[in-house]
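Participant: To start, I am sharing the structure in question, which I have written as structure tokens.
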Amino acid sequence: MQAAIVPRYILNATSFHLELVGYFTVGFTVIALILLLIVFLNRRTQSNKKRGTAARKKILAPMISTFLFYENEGNKEDNVEYVEMKIRIREMLKDKDNRGVLTEILMDLQKDISGDAQDRLLQLYADLELHFDAFEKLSSWRWEIISSGILELSRMKVDKAYTFIRPFVNDRRSVIRKQAQIATVTLRKEGINYFLDTAKYAISEWQQLKLLDIIREKEDFIPPSFRLWLTSGNKDVVLFALRLIRYYKQSDANNAILRLLRHKNDQIKLEALECVREFCVLESLEILKKIYPENKAEIKRTILDTIGFLGSETEIPFLEGVIHEEKDFMVKSKAISSLNEIKPDSILPEDVLSKTEKEELTVAPQQEDQVEKVDTQENEPIPAVTVTQTSETPSLEEEVLIEAVPGIPPAEEMPVAATIEEPASKENISAQDETDLSIPDELPIEEEDLEIFDLCLHESLEELILEAREYEGTLSPRGVLSLDFLPLVNEPQAVEPFDSELSEDECEAIMHMETVYEILEAGDGGKTEEEQEDVPLDSLLQPHGIALKAEDENTFLEDAEAIKGENHIPELEIDFSPEPAFHLSIFSDLFLRCDKDTKLMLLDEILAVGDEKELEFLDFLLGQEEGEVLEKVECIREKLGSLLESFPVGTYCESSEQDQSSGLSMHEGVRLAVTSTDTEVDPGHSAKEEEGLLHLNFEPDVSNEESAEIVTGSFFSCIRRLMK
Amino acid sequence: MTPPKKQLLLAEDDDLLASLLNFRLKKAGYDVLLASDGQQVKELLKNHIPDIIVSDIMMPYFSGIELIDFVRNELKSQVPVIIISSAGNEQNVLSAFELGANDFISKPVSPSELLVRVGRELNKN
């Protein structure tokens with residue numbers, strides 16, 4: 001093994017004096033102990049002092065209370081006690097610490113009490129000559145002691161201290177300076193004058209607020225005319241003076257304020273502009289226009305704002321000039337708003353409109369009060385609302401026509417003269433729409449009505465189309481009539497052509513659907529606009545559903561009666577082909593959409609509540625399902641069959657009254673015929689079931705519009721029920 | 001025979017102010033029970049319910065709001081409660097009134113005003 005090589009520098013290192021280590025250790029330990037002792041003693045002194053102070057406070061506090069609430073009218077014992085206490089406190093006050101504690105107590109109490117007790121307390125402070133200690137503090141070289149002395153004197157409202165504190169108003173030490181400023185303003189009413197006269201240093205916003213707070217709370221304070229300090233060389237003094245002028249509403253300073261509009265300091269300019277606004281100095285308008293170009297954007301905006309606030313129409317050319325010349329977006333916007341403030345709606349929003357809407361807007365010829373019609377867009381049967389603005393300055397493009405389209409405020413909300421034109425004429429509606437909707441001229445359907453109708457119709461039709469497609473494709477070739485033919489109002493692109501494969505019956509039904517619209521349109525034909533307005537909106541919006549149960553049939557027949565008698569109402573007959581009975585099962589819809597577990601659960605329910613419809617539905621499922629579900633279907637089918645044999649259920653019509661809520665009164669092969677005839681119909685035969693065909697005759701004694709709604713609403717209600 | 005003194009519970013954590021108000025109230029003829037925190041107040045109230053309570057809102061352990069809640073809901077007492085609150089404590093004052101405080105006085109407190117309010121509340125009852 002190779003021997004370890006020891007570096008030479010270790011071998012040559014000087015010997016280390018171990019005794020030195022010992023000395024250092026002892027030395028540091030002694031220092032540490034001394035420091036610990038000092039800290040310990042210091043803390044002990046402090047805690048002793050605190051305890052002493054607390055003890056003194058305990059003694060002095062009741063004495064102070066006695067002094068504060070002593071009354072000469074008291075009895076002899078009280079008077080003796082008072083005199084003894086006075087002697088005692090005089091003795092105590094010979095001790096400086098006691099004086100300090102007493103001062104502390106009085107200052108604490110001064111914060112917490114008010115009214116006559118506070119006055120007495122301040123008087124007691126003065127009587128005990130504690131303020132001399134505060135004066136002594138003012139001569140200290142330490143800033144915190146001076147500051148506390150000033151604070152004490154100002155809190156205890158020692159008026160005599162004013163002259164002693166004044167020199168500190170411009171002290172180079174900011175804490176003392178601020179304290180002195182507050183004390184000066186607090187102690188005497190003229191303190192604010194002295195302060196504003198002599199202040200050389202900056203006055204912070206916070207300090208200004210505090211000073212304002214002090215002078216605001218001063219009783220009997222008569223504010224001097226602060227315009228005197230608008231000429232100060234200290235910009236903060238000028239600013240503070242302007243704020244005080246505004247606060248005390250000293251409108252005698254207008255001339256000086258107008259001069260300050262040209263001040264080189266932006267803050268002063270802004271404050272002066274605020275004053276100009278506050279006092280409505282109309283003379284400032286010319287100056288504002290002159291100084292406008294030489295200012296920064298922020299000042300420009302304030303100037304424009306002020307012009308908008310104070311100005312009249314004579315300022316319009318100036319503002320127009322600014323709008324055209326100014327490049328700064330914010331300044332330009334302010335100029336526009338000021339212009340609109342002087343002359344409302346001089347400039348209306350135009351650029352912000354979307355491209356399409358812009359295209360729709362046509363600028364009217366520059367003639368006053370001329371109203372122009374705006375053609376509606378193709379395929380949009382929305383009534384056009386033309387808004388025309390009269391203009392004196394055509395260059396501003398004041399005439400703007402706005403079509404009442406969603407997203408634009410209604411005409412009555414727009415602050416312009418608005419004229420609502422007649423609804424879009426028939427020519428404005430595309431040929432396709434005419435075919436689909438056939439809205440005649442004499443049917444002034446409101447846009448809102450149309451939109452609501454659209455929504456209702458759309459919702460119903462989507463539901464129906466979805467269901468119909470499903471049934472058509474999966475269940476039965478003729479199960480449910482395809483409803484793709486139904487026109488979608490306002491969405492021509494969604495309207496599909498007639499199914500070429502429709503049966504004759506279906507085509508006939510289509511024709512009847514068109515007739516529904518014709519009723520809608522013709523319903524108002526013979527009515528004046530006023531009459532139409534009388535129809536409550538709710539009646540238009542809420543379709544009157546037809547209930548096909550015995551009880552509800554009466555309601556339906558009332559509706560039918562209401563429609564009957566209107567000679568020109570064409571006959572309506574919607575004939576649905578017979579559909580498999582299982583469609584009427586409440587389980588069918590859900591069953592065909594759900595997963596396997598749910599199907600199993602549903603089958604249990606079918607057994608529990610099912611009847612013949614469910615039986616047929618189960619038969620249908622036997623050919624559709626497989627596996628576990630098929631097994632269960634077979635089992636349930638068998639059980640339900642035996643159950644029904646034991647307890648046969650009557651026809652649905654017979655049981656309709658019991659099954660009102662479930663909507664099971666509709667039975668197999670219901671053929672709904674909503675019939676409106678020209679002739680009088682025997683009320684006894686207004687609703688009858690003959691060979692599965694339900695004939696409903698309408699005899700309207702309500703408005704045509706309502707009738708149309710009833711028919712439409714009832715029709716969709718029927719369809720919904722059927723689908724359910 | 002002089003009528004019995006009305007008993008007043010003064011709950012105030014500031015010793016100096018408590019001492020001053022105590023002196024003034026005693027001088028005005030009230031039998032004052034002093035409590036410097038919420039727990040003391042609770043102990044005192046469990047033993048005896050005074051004729052009126054004057055309490056600061058901000059107290060250690062148990063605030064004036066909790067005190068009112070305790071008096072009204074736990075003790076089921078309708079003893080008048082006057083609360084003392086510092087300025088800018090409006091929300092607490094509103095809460096106190098909602099819980100059933102009868103009156104409030106804001107700091108700095110005028111002892112004379114407090115006496116008037118106490119007297120008025122006692123006269124109401």
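Participant: Taking A:Val276 as meeting all but one of (1) buried (at least 16 other Cβ atoms within 10 Å of the Cβ); (2) within 19 Å of A:Gly308 (Cβ to Cβ); (3) over 36 Å from the mean Cα position of the chain (by Cα), write down the number of the exception.
Facilitator: That leaves (3) as the condition not met.
Participant: In addition: Select from the range A:288-304 the residues that are within 23 Å of A:Asn255 (Cβ to Cβ), touching a helix residue (DSSP H, G or I) at 6+ places or on another chain (Cβ under 6 Å) and not aliphatic (A, V, I, L, M) and list them in ascending order.
Facilitator: Passing the criteria: A:Lys289, A:Tyr292, A:Thr302.
Participant: Is it true that some residue in the range A:157-165 is away from every other protein chain (no Cβ under 14 Å), out of contact with any helix residue (DSSP H, G or I) (no Cβ under 6 Å at 6 or more places or on another chain), aliphatic (A, V, I, L, M) and part of a loop (DSSP other than H, G, I, E, B)?
Facilitator: no
Participant: Here is a follow-up. If only one of B:Val93, B:Val71 is in contact with a helix residue (DSSP H, G or I) (Cβ under 8 Å, 6 or more places away or on another chain) and surrounded by 16 or more Cβ atoms within 10 Å (Cβ to Cβ), which one is it?
Facilitator: B:Val71
Participant: Across the range A:50-62, which residue is farthest from the other protein chains (Cβ to nearest Cβ) among those that are buried (at least 17 other Cβ atoms within 10 Å of the Cβ) and under 16 Å from A:Glu84 (Cα atoms)?
Facilitator: In this case the residue turns out to be A:Leu60.
Participant: Looking at A:Leu124, is it within 14 Å of chain B (Cβ to nearest Cβ), closer than 19 Å to A:Thr53 by Cα and aliphatic (A, V, I, L, M)?
Facilitator: Considered against the rule, which asks whether it is within 14 Å of chain B (Cβ to nearest Cβ), closer than 19 Å to A:Thr53 by Cα and aliphatic (A, V, I, L, M), A:Leu124 comes out as no.
Participant: Follow-up question, since we're still on this one. Across the range A:64-89, which residue is surrounded by the most Cβ atoms within 10 Å (Cβ to Cβ) among those that are in contact with a Leu (Cβ under 9 Å, 6 or more places away or on another chain) and among the hydrophobic types (A, V, I, L, M, F, W, C)?
Facilitator: Among residues in the range A:64-89 that are in contact with a Leu (Cβ under 9 Å, 6 or more places away or on another chain) and among the hydrophobic types (A, V, I, L, M, F, W, C), the one surrounded by the most Cβ atoms within 10 Å (Cβ to Cβ) is A:Ile64.
Participant: Let me ask you something else. Can you tell which of B:Ala18, B:Ala35 is within 13 Å of chain A (Cβ to nearest Cβ), surrounded by 19 or more Cβ atoms within 10 Å (Cβ to Cβ) and small (Gly, Ala, Ser)?
Facilitator: B:Ala18
Participant: Please determine whether any residue of the range A:104-120 is buried (at least 20 other Cβ atoms within 10 Å of the Cβ), in a helix (DSSP H, G or I), in contact (Cβ under 8 Å) with a residue 24 or more places away in the chain and away from chain B (no Cβ under 14 Å).
Facilitator: For the range A:104-120, residues buried (at least 20 other Cβ atoms within 10 Å of the Cβ), in a helix (DSSP H, G or I), in contact (Cβ under 8 Å) with a residue 24 or more places away in the chain and away from chain B (no Cβ under 14 Å): absent.
Participant: Which condition does A:Asp78 not pass, out of (1) within 12 Å of chain B (Cβ to nearest Cβ); (2) under 60 Å from the mean Cα position of the chain (by Cα); (3) of a type in the set (Asp, Glu), if it passes all the others?
Facilitator: Only one criterion is unmet by A:Asp78, namely (2).
Participant: Additional query: Could you check the range B:1-90 for strands (runs of 3 or more DSSP E) lying wholly inside it with 1 or more residues that are without any contact (Cβ under 8 Å) to a residue 40 or more places away in the chain?
Facilitator: B:31-35, B:81-85
Participant: Quick check: is even one residue across the range B:97-119 in a loop (DSSP other than H, G, I, E, B), in contact (Cβ under 8 Å) with a residue 60 or more places away in the chain and more than 14 Å from chain A (Cβ to nearest Cβ)?
Facilitator: no
Participant: Moving to a separate point now. Failed condition for B:Asp51, given (1) more than 20 Å from B:Glu113 (Cα to Cα); (2) surrounded by fewer than 23 Cβ atoms within 10 Å (Cβ to Cβ); (3) at pLDDT 90 or above, with all others met?
Facilitator: Tallying (1) more than 20 Å from B:Glu113 (Cα to Cα); (2) surrounded by fewer than 23 Cβ atoms within 10 Å (Cβ to Cβ); (3) at pLDDT 90 or above, B:Asp51 fails exactly one: (1).
Participant: Turning to a different aspect of this structure: Got a number for residues in the range A:207-221 being farther than 16 Å from A:Gln181 by Cβ and either modelled with pLDDT of 90 or more or small (Gly, Ala, Ser) (or both)?
Facilitator: Qualifying residue count for the region: 0.
Participant: State the number of residues belonging to the range A:60-83 that are touching a residue at least 12 places away in the same chain (Cβ under 8 Å), in a helix (DSSP H, G or I) and farther than 16 Å from A:Lys96 by Cα.
Facilitator: Count: 8.
Participant: With the condition kept exactly as written, say whether any residue in the range A:15-33 is within 30 Å of A:Asp97 (Cα to Cα) and assigned to a helix (DSSP H, G or I).
Facilitator: no
Participant: Also, I was wondering about something else. Please work out which residue is farthest from the other protein chains (Cβ to nearest Cβ), limiting yourself to the range B:75-96 and to residues that are out of contact with any strand residue (DSSP E or B) (no Cβ under 6 Å at 6 or more places or on another chain) and of a type in the set (Gly, Ala, Ser).
Facilitator: B:Ser77
The values are calculated or read from the model by the stated rules, or taken from the named source; none is laboratory data. Nothing here was measured: the structure is a model prediction, and the numbers come from that model. So basically every Cβ, Gly included, is an ideal-geometry build from the backbone, and we count neighbours across all protein chains shown.
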